[in-house]
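Right, one structure below, let's go through it.
The values are calculated or read from the model by the stated rules, or taken from the named source; none is laboratory data. What you see is a predicted model; the values in this text were computed from it and never measured. All Cβ positions, glycine included, derive from the backbone under ideal geometry; neighbour counts span all protein chains shown. What goes into the accessible areas is simple: the full protein's heavy atoms, side chains included, and nothing from ligands, DNA or RNA. Shrake-Rupley method; radii C 1.70, N 1.55, O 1.52, S 1.80 Å.
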Amino acid sequence: MRQIFFYLLLTIFFIIVSTPTYSQGCSDAGFCTMGAMQPDQVYSKKKRIKLRSIGFSQYRGTTTLSPVIWVSTVDATFAVKRKNSFQLKLPFQAVKGTLGSNAGIGDLSLSLTRNLINTKKFSINGSIGTKIPTNNGNSEIDGAPAHAYYQTSLGTNDLIVGASLISKKWLFAVGYQQALTRNESQFTWGQTFAVSDADSSYIEKYELGRNLKRGIDVMLRVERSFRYSNFNFFVAALPIVRITKDKITTKEGNRSKLDGTTGMALSALIGGTYHFNTNSSVKFVYGHKITDREVNPDGLTRDNVMSLSYYYNF
Amino acid sequence: MHFIKQLISTLLLLGLFPYSFTQSTYDAIRELLKQGDLITAEKELLPYSPITDNPELLVIRGDYYLRKGRNNKAIETFNKALTLFNDKKNENYAFCLNQLAIAYWNEGNNTRALEYAFEAQALRKKLVGSTHESYAASLNDIGLIYSNSNPKEALSYYQEALNTYYLIYDASDNKIGQAHVNMGIIHKNLKAYGSAIDEFNQALSVWKVKGRKSIRSAFTHRYLAETYSEMGVKELATKEIKQALAIYSNTVGKHHPDVASTLTYSGVLKLNEEKTDSALTIFHKALNANFDTNFSQNELNPPPTNGFFNGFVLLNTLFHKATTLERRYNSKSLKMRDLEAVVNHILVADTVIDKLRRSLVKENDKIELGKLAIKLYEVGIRSCYQAHSVSFSRKKHFLEQAYYFAEKSKSSVLLEAISDAKAKNFAGIPASILTTEDKLKADISFIEQKLAQKPAKEVALAYQAELFKLDNAYQTFTKKLEKEYPSYYQLKYKVSPPSIAEIQISIQKKEALIDYFIDESSHTLYVFAITRNNVSVVERVLPEDFDRYISGLRNGISYQQQEIYQTSGYKLYQYLMPDGISKGKITIIPTGRLGIIPFEALLTKKTKDKSYQELPYLINDFEIGYAYSSSLFIQEQLNNKTTNKALLCAPVSFEEMADLPGTKQEVNSINQLLTDSSFTTTQLVSEAAQEKTIKNLNLNEYKYIHLATHGVVNASQPELSKVFLVKDESEDGELYTGELYNLKLNADLVSLSACETGLGKIQRGEGIVGLSRSLLYAGAKNLVVSLWTVSDASTSQLMIDLYQNILSNSTNRYSTPLRSAKQALISSSDYSAPYYWAPFILVGR
């Protein structure tokens, strides 16, 4: 019965991901993979998974426009007094698209996670964290400010909090991310030379976000896990709702709230982990957009994302 | 070797064999064995191998086997020697008795071992007095047998032996060394480590003077290692264990039970250092050491189930290896093959446990084995549950395996006893032979009961001597039966728990079997729920103070403290009741202390400010019965007896206990109900309720037996639990457990409206050992017994209602009428508190 249920879910998922959709997806400013909000978390009351880990992941994301984003991340977690863990993520990001290419160190993520409740049937963890920008979000390509898609940093300091409830079969996570500062993006359509005049309608799809301060995001992750001896996989839905409007500086120099930037970005995810043993594992995640917000000047939209990671626990 | 044996046989046949086995040869080889020189002893014994009818030779041969660790062969050889002795009043005969005691002790047959050791001691006292080496040896060996069960008694025997040795020998004698080692072990067990180390070092200095490193010194180093390890001095422990293994290697080689045991301990030391893989390698080596040759180099392979030297050592190694594999799975490998290996090792242990149980004679020893067995089954159930949780395609297989282990851990001694009784019926053994057996069993239980009352030393010695004779006679009788009636032998040992599918066949719609197992090492409760079409298991970690809720429920009910009762009743319901069981009928198979609570009184909701009549009792949702194990559950089918006969008994007045005037009315009312329903009744009231009268009745004719009397349960010595009747010139009017065992019942229902008749000694691996167990063995199909002292008047009302419901109800179950009778009390104004109705439980359906 359980197997039938699983195959049914799998089939539904593939129907979703193989259906052409025109919206954007996977709009995540970083909190979805931090601390308690991460996908496919370890849950075992008996297996002694080690408390420190270092991971290397390779990520590829495509957008509905031309940029393709590659990110290599070092992800280190250290236990602090058994119930707490500290996570540090340092990405190196490269992007290539019609408007050129760019590469550099991405934003540093730091988070502290604490196990709040631990029962035989479930655990509840809470996280608090921040994103520290590695540049101002206004790096240039060929002498002109690049659009947010082509930036390696969001250019803002962010506050992140979240919590998760994990059982053997389910993971429910909620998160909150708020940009505390604005970036220094100066991208305008007229300064970009990589496309001809005939393609101006294309360039206008890159929504303007001068001195962008992103609105507040909240997320909910609903994940069904299938756990076996040394492998597990999951299917998940990840709605991220921007509850306040993005703010930008207008041509006139005024700060303005941007209409259409609030709303839900919904993604479907599938993935799994194979544990070679308690020290060593590989993880795969594939995410596909279902819906996204109408206006996205932050360059976070993805059509689909894929990541492959190796973790060493010690 | 074969040629030599053939040559000797031929020479013997021709009367040309040049060797004769004389007393001097006996003495010489016995001395070699005493010195631990097994190799020379073996060579010396070889020429006499064709001789099989010389008792002295057999004794020496048995001693050789004993020292080689071949216990089974030793026991067989000693027993044969005992039958060949013409003169049973000499030292050789006493030595044989003594060594047989040691061999039995090695096999876990402690009670039997003590009987033989005492017999040898008594004979030696007569032969040589109490200041002789052989008498001191007896004292020493009795101490050895007591060492685990009663360390203080052991220490006193050792001290007496040592004092005697000092009178006879100089301080460097082997005997003195041995006595020091034995006392050291007891000190170690009592955690007097300083004294233990002193004793061991004194022993080593004795053997140093002797100039030879023998098994004895290896043994001493091994125990020094244990002492240092317990003290936390790891380096010294490792050093001592290495020395012990080196000496063993030079003296007995790689295959010997002592080597297996020492390697196992060495593995434990490695495990303490978190070196899981190294520990596994050592445990595997230890398993190989318990066989003549290595059985496998693959560490995932379990050993074979036969050919081992020492079953108890094997079980100990299997336990450690299995837990280490489990640990490796959880802490490192995550590979299913490790979990599967755990299960395979426990399956081997299960077979070994069965074999050992067959070799044990006395029930106490079987129960002791059950305590070791349950530790192994705990590992098995834990691993099967985990494998069940993480397996991709074999979930059902592991669930069934977990249930098998859970069932094997329950009431195995009772099941074997019932199986034995049934086997005798099916094997067509003539009644005259069975009468002989009944007489022997009655005599044995009489003596055991007298010994349990702890008489004066001289009287106890006389009883022990008598018991020794009776046990021997019973063993000879059983062996003869097994030989002459092979089908009896086969049926007797055909005790295997039913599969889940077999259980499901006997479960009706809206009925469930709920079976509990508590893994004490991880404080985890496993609840198996079997219905006609489904089976599930849940794992619940119990709080450290879980027992508090059990006590809370019992005390809250007994003292009518409603708040405590309600808190405990609801909490226990949450822990114990699995989800998804439809309202209807349930049979509970409890474990440990769960056997002393009435599940009927659990509360299904959290409540406040409600009267007893309004509380949400579990009995509102379910008809509830109890069983000792699933094997008994499927056997407890009704007889469909056509004979409508009932026995009703109430002594009413008692010499040392309060009179029960209500029981007279109770029995009269039930009698009226039964006679109105065309039953023929035998009513024994007041003076007529004599023990002798009841014993002389043809009890297997009665469909219903109702005893309305006092009952007393002795939780520390179950053999002293009893039901009170009326005494006469030949019987004391107290029907003890042993006497209940020997009743021949075939009743559909036995009801004991007496106090606490459902209680008894809670034995790990066996459940509650008390009056109920005896009655089930005697042949009762269903029992109504009580869990605490009950009011005379409410009991009478409940019992009368019960029989009225039975007779007016068309159902073929007793749970339905009992539930109705209880619900009538709940609805009443005077007896609605669970104190009045909850204690009576139905063992059966």
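Key figures for this structure:
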read-out	value
Residue check for B:Val342: out of contact with any Asp or Glu (no Cβ under 8 Å at 6 or more places or on another chain) and open to solvent by less than 20 Å² (accessible area, probe 1.4 Å)	no
Only listed residue being open to solvent by less than 30 Å² (accessible area, probe 1.4 Å), assigned to a helix (DSSP H, G or I) and at pLDDT below 85, chosen from B:Ile29, B:Ile60, B:Ile8, B:Ile4	B:Ile8
The range B:307-335, residues that are touching a helix residue (DSSP H, G or I) at 6+ places or on another chain (Cβ under 9 Å), in contact (Cβ under 8 Å) with a residue 12 or more places away in the chain and either aromatic (Phe, Trp, Tyr) or outside any helix (DSSP H, G or I) (or both)	B:Phe308, B:Phe309, B:Asn310, B:Phe312, B:Phe319, B:Tyr329
The range B:619-659: number of residues that are among the charged types (D, E, K, R) and at pLDDT below 90	5
Residues located in the range B:247-274, provided they are surrounded by fewer than 22 Cβ atoms within 10 Å (Cβ to Cβ) and either without any contact (Cβ under 8 Å) to a residue 24 or more places away in the chain or not in a helix (DSSP H, G or I) (or both)	B:Ser249, B:Gly253, B:Lys254, B:His255, B:Lys270, B:Glu273, B:Glu274
Qualifying residue in the range B:403-410 (condition: part of a loop (DSSP other than H, G, I, E, B) and under 22 Å from the mean Cα position of the chain (by Cα))	yes
Subset of the range B:290-306 [within 19 Å of B:Leu325 (Cα to Cα) and open to solvent by less than 10 Å² (accessible area, probe 1.4 Å)]	B:Pro303
Breaking point among (1) open to solvent by less than 10 Å² (accessible area, probe 1.4 Å); (2) out of contact with any helix residue (DSSP H, G or I) (no Cβ under 9 Å at 6 or more places or on another chain); (3) among the hydroxyl-bearing types (Ser, Thr, Tyr); (4) under 19 Å from A:Asp40 (Cα atoms), for A:Ser123	(1)
Failed item, numbered, when B:Lys396 is tested on (1) open to solvent by less than 10 Å² (accessible area, probe 1.4 Å); (2) within 14 Å of another protein chain (Cβ to nearest Cβ)	(1)
Among the candidates B:Tyr526, B:Tyr488, residue that is within 26 Å of the chain's Cα centre (by Cα), of a type outside the set (Asp, Glu) and more than 24 Å from B:Ile624 (Cα to Cα)	B:Tyr488
One residue from A:Ser229, A:Ser280, A:Ser267 being buried (at least 19 other Cβ atoms within 10 Å of the Cβ) and within 14 Å of another protein chain (Cβ to nearest Cβ)	A:Ser229
Subset of the range B:38-57 (residues that are touching a Lys or Arg at 6+ places or on another chain (Cβ under 7 Å), of a type in the set (A, V, I, L, M, F, W, C) and either more than 18 Å from B:Arg216 (Cβ to Cβ) or not in a helix (DSSP H, G or I) (or both))	B:Leu45
Only listed residue being crowded, with 17+ Cβ neighbours inside 10 Å, out of contact with any strand residue (DSSP E or B) (no Cβ under 6 Å at 6 or more places or on another chain) and in contact (Cβ under 8 Å) with a residue 60 or more places away in the chain, chosen from B:Ile624, B:Ile589, B:Ile634, B:Ile581	B:Ile634
Tally of residues being surrounded by fewer than 16 Cβ atoms within 10 Å (Cβ to Cβ), farther than 15 Å from B:Lys450 by Cβ and touching a residue at least 12 places away in the same chain (Cβ under 8 Å) across the range B:460-480	3
Leading residue by the ranking (surrounded by the fewest Cβ atoms within 10 Å (Cβ to Cβ)) among those in the range B:400-452 that are polar (S, T, N, Q) and within 21 Å of B:Ser630 (Cβ to Cβ)	B:Ser419
Residue in the range B:660-670 that is open to solvent by 60 Å² or more (accessible area, probe 1.4 Å), in contact (Cβ under 8 Å) with a residue 12 or more places away in the chain and of a type in the set (Lys, Arg) present	yes
Answer residue from the range A:232-242, given it is more than 24 Å from A:Ala148 (Cβ to Cβ) and under 18 Å from the mean Cα position of the chain (by Cα) and is farthest from the other protein chains (Cβ to nearest Cβ) among those	A:Ala237
Conditions (1) within 14 Å of another protein chain (Cβ to nearest Cβ); (2) in contact (Cβ under 8 Å) with a residue 24 or more places away in the chain; (3) outside any helix (DSSP H, G or I); number of the one not met by B:Ser383	(3)
Any hit, the range B:467-475, residues being part of a helix (DSSP H, G or I), over 22 Å from B:Ile367 (Cβ atoms) and either modelled with pLDDT of 75 or more or touching a Cys at 6+ places or on another chain (Cβ under 6 Å) (or both)	yes
Lone qualifier among B:Gln566, B:Gln504, B:Gln560 - being part of a loop (DSSP other than H, G, I, E, B) and in contact (Cβ under 8 Å) with a residue 24 or more places away in the chain	B:Gln560
Condition met for B:Leu280 (part of a helix (DSSP H, G or I), within 22 Å of the chain's Cα centre (by Cα) and either within 14 Å of another protein chain (Cβ to nearest Cβ) or buried (at least 17 other Cβ atoms within 10 Å of the Cβ) (or both))	no
Options A:Lys245, A:Lys257, A:Lys251; residue that is more than 14 Å from chain B (Cβ to nearest Cβ), in contact with a Leu (Cβ under 7 Å, 6 or more places away or on another chain) and open to solvent by 40 Å² or more (accessible area, probe 1.4 Å)	A:Lys245
Unique residue being modelled with pLDDT of 90 or more and open to solvent by 30 Å² or more (accessible area, probe 1.4 Å) when the list is A:Val68, A:Val42	A:Val68
Hey, B:Ala286 part of a helix (DSSP H, G or I), surrounded by 24 or more Cβ atoms within 10 Å (Cβ to Cβ), within 14 Å of chain A (Cβ to nearest Cβ) and small (Gly, Ala, Ser) or not	no
Residues of the range A:269-292 satisfying the condition of being within 15 Å of the chain's Cα centre (by Cα) and not in a strand (DSSP E or B)	A:Asp292
Any hit, the range A:104-119, residues being under 13 Å from A:Ile166 (Cβ atoms), open to solvent by less than 60 Å² (accessible area, probe 1.4 Å), part of a loop (DSSP other than H, G, I, E, B) and among the β-branched types (Val, Ile, Thr)	yes
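Residues are listed down the side, and each one gets a yes or a no for (1) assigned to a helix (DSSP H, G or I); (2) more than 25 Å from B:Ser820 (Cα to Cα):
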| site | (1), (2) |
| --- | --- |
| B:Ile624 | no, no |
| B:Tyr628 | no, no |
| B:Thr643 | no, yes |
| B:Glu655 | no, yes |
| B:Gly662 | yes, no |
| B:Glu666 | yes, no |
| B:Asn671 | yes, no |
| B:Thr675 | yes, no |
| B:Ser678 | no, no |
